[in-house]
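Written out below as structure tokens is the structure these notes cover.
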Amino acid sequence: MTSTAGASFETIDSGFHSHGTRCAARIYRPSVTEPVPVIVMAHGFGGVRTVRLPAYAETFAAAGYAVVLFDYRYFGDSDGQPRQLLDIDSQLDDWRSAVKWARNLPGIDASRVVGWGTSFAGGHVLTIGAEGDEFAAVIAQVPHTSGVAALRAAGLRASMRLLPKALHDSWRALRRGEPIYVNSVGVAGSVAVMTAPGADDGVERMYAESGVRRDSRVETVAARVVLRVGLYSPGRRAARITCPTLIQVATDDNIAPARSAKKAAALIRSSTFRSYLGGHFSPYVSPLFESVIADQLTFLRKVVPTRVLGPGR
């Protein structure tokens, strides 16, 4: 049992199945008897749930919200082979399975499920939100909204460094061979998916503030995904989202450009848009983290209130 300045809550390690593969999840449950809203959360491109996301989950739980924080199949504590396979369609299926599972947990108000995604997962929650009434609200932090904009931000040289490995891995996939891996994050000029200035340092800070040892083995992805990123543009369907949506961007984001996210927000009939000074990885750590999550709580208390602490507390 954890007790903070807000509500006390317990954490439970559990999991659910997505198309036959077990996905690991941690449930954060406020110590109350009445049904509460639940926030379903997952990380961004190649990320795992233990890196900084517990800081968000604990804050939400202390504010009276239940949380389901999960790893995608092939990543983190979840099952699935081959490891580090970032398949967009599979991740979207994992989201659907996570939401269905969370909706049926004891003590949950099934009509009030919030989708929370950051970076690549920010695009995923927008995609799921556009499909219908899965969510009561959506929070998309520094979201991937445009594949074209992401490729443009990465630059031609960085993309060309990745292309041979992406093609080789795709050929290996057709022949059911072992994947060819590339780093998710690297320094400028290296062969990695995210090599924008400050990216590697930003991830280093995330690990440091999480108290988790940085392990290069879990910062890789099967290279074939590189051929799909440019084709994945969740912002194109944003006009179909009907639930209240908070989109938060960083002004100097050189990975998921803020301009594209702002365009997506303008298409959503009930959107709240917030912009912060910083880069793509700034919202995860101090000092920006405190402002970002404060705005998330303000949004949640307005559109999906919980009676545990009451509005405005």
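Looking at the range 173-180, can you tell me whether even one residue there is among the β-branched types (V, I, T) and either part of a helix (DSSP H, G or I) or within 27 Å of G278 (Cβ to Cβ) (or both)? No; the residues of the range 173-180 include none that is among the β-branched types (V, I, T) and either part of a helix (DSSP H, G or I) or within 27 Å of G278 (Cβ to Cβ) (or both).
Cβ-Cβ below 9 Å, separation at least six or inter-chain, first residue in the range 1-15 and of a type in the set (F, W, Y), second modelled with pLDDT under 70 and surrounded by 12 or more Cβ atoms within 10 Å (Cβ to Cβ): which pairs? So the pair list comes out as F9/T2. Considering only the range 234-293, state which residues are closer than 19 Å to A136 by Cα and charged (D, E, K, R). Residues satisfying the conditions are R237, R240, R269. Of all residues in the range 219-262, those satisfying the criterion of being aliphatic (A, V, I, L, M) and in a loop (DSSP other than H, G, I, E, B) are L231, I241, I255, A256. On the basis of being modelled with pLDDT of 95 or more and either of a type outside the set (A, V, I, L, M, F, W, C) or assigned to a helix (DSSP H, G or I) (or both), does A166 make the cut? The answer is yes for A166.
Cβ-Cβ contacts under 9 Å between residues 6 or more apart (or on different chains), taken from a first residue in the range 39-65 that is within 13 Å of I139 (Cα to Cα) to a second residue that is buried (at least 22 other Cβ atoms within 10 Å of the Cβ) and acidic (D, E), are listed as A42/D71; A42/D94; H43/D71.
Looking across the range 219-253, the residues that are surrounded by fewer than 17 Cβ atoms within 10 Å (Cβ to Cβ) and under 21 Å from Y284 (Cβ atoms) come down to T251, D252. Can you pull out every residue in the range 188-200 that is surrounded by 13 or more Cβ atoms within 10 Å (Cβ to Cβ) and either in contact (Cβ under 8 Å) with a residue 40 or more places away in the chain or within 20 Å of A55 (Cβ to Cβ) (or both)? Selection gives V193, M194, T195, A196, G198, A199. Of the residues making up the range 24-83, just one is part of a strand (DSSP E or B), of a type in the set (D, E, K, R) and within 16 Å of the chain's Cα centre (by Cα), namely R26.
Can you go through D93, D133 and tell me which one is of a type in the set (D, E, K, R) and more than 22 Å from R73 (Cα to Cα)? Going through D93, D133 in turn, just one is of a type in the set (D, E, K, R) and more than 22 Å from R73 (Cα to Cα): D133. Residue count for the range 128-149 under the criterion of being surrounded by fewer than 24 Cβ atoms within 10 Å (Cβ to Cβ) and part of a helix (DSSP H, G or I): the result is 4.
For N104, the test of being surrounded by fewer than 24 Cβ atoms within 10 Å (Cβ to Cβ) and more than 29 Å from E34 (Cβ to Cβ) is failed. Pairs linking a residue in the range 266-284 that is on the phi > 0 side of the Ramachandran plot and buried (at least 19 other Cβ atoms within 10 Å of the Cβ) to a residue that is among the hydrophobic types (A, V, I, L, M, F, W, C) and part of a helix (DSSP H, G or I), with Cβ atoms under 8 Å and 6 or more positions apart or on different chains, are G278/L288.
The values are calculated or read from the model by the stated rules, or taken from the named source; none is laboratory data. All figures in this text were calculated on a predicted structure; none of them were measured in a lab. Cβ coordinates were reconstructed from backbone atoms using ideal geometry, including for glycine residues, and neighbour counts include every protein chain displayed.
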